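The next block holds one structure in the form of structure tokens; read it before the comments.
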Amino acid sequence: MRGLVLWIQEQLGLMKPQEIEDPSQRRKEKQRFALAIGDHIRKLREKASISQENLSLKAGYYRTYVGKIEQGLYSPSLHTVWRLADALGYDLETFFKGFNKGK
């Protein structure tokens, strides 16, 4: 798991938590992550030709929640990412292989 965290930090250009002294940097970093993960989920969902509603039903969330994640308005927990990835047919390792700074 630690390797996954380091890989995500590298992909997003994130600093180590102890390197962030200014709370505004922490908020910006969280926002950058939320936008990138949301974009990644949306791209995988569209690639699978699944609607937000169907994805949310399969994962057990409200459609509006999934929509806000995809818009980068919410930063999902690892558990939420795991459930969404599973609903899309991915395990976490495969899900994160295509994750690269939201590109």
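Sort out which residues of segment 59-93 are buried (at least 18 other Cβ atoms within 10 Å of the Cβ) and among the acidic types (Asp, Glu), and write them in order of number.
GLU70
Quick one: PHE96 ticks every box in (1) loosely packed, with under 15 Cβ neighbours inside 10 Å; (2) in contact (Cβ under 8 Å) with a residue 60 or more places away in the chain except a single one, so which number is it?
Unmet for PHE96, out of (1) loosely packed, with under 15 Cβ neighbours inside 10 Å; (2) in contact (Cβ under 8 Å) with a residue 60 or more places away in the chain: (1).
Can you report the number of residues in segment 16-49 which are surrounded by 13 or more Cβ atoms within 10 Å (Cβ to Cβ) and modelled with pLDDT under 85? Give the steps one after another, and end with the answer.
Initially, segment 16-49 is screened for residues surrounded by 13 or more Cβ atoms within 10 Å (Cβ to Cβ), giving 20, 26, 29, 31-45, 48.
Still in the list and also modelled with pLDDT under 85: 20, 26, 29.
Count: 3.
The values are calculated or read from the model by the stated rules, or taken from the named source; none is laboratory data. Model, not experiment: these values are computed from the prediction. Counting neighbours? That spans all protein chains shown, and the Cβs are built from the backbone with ideal geometry, glycine included.
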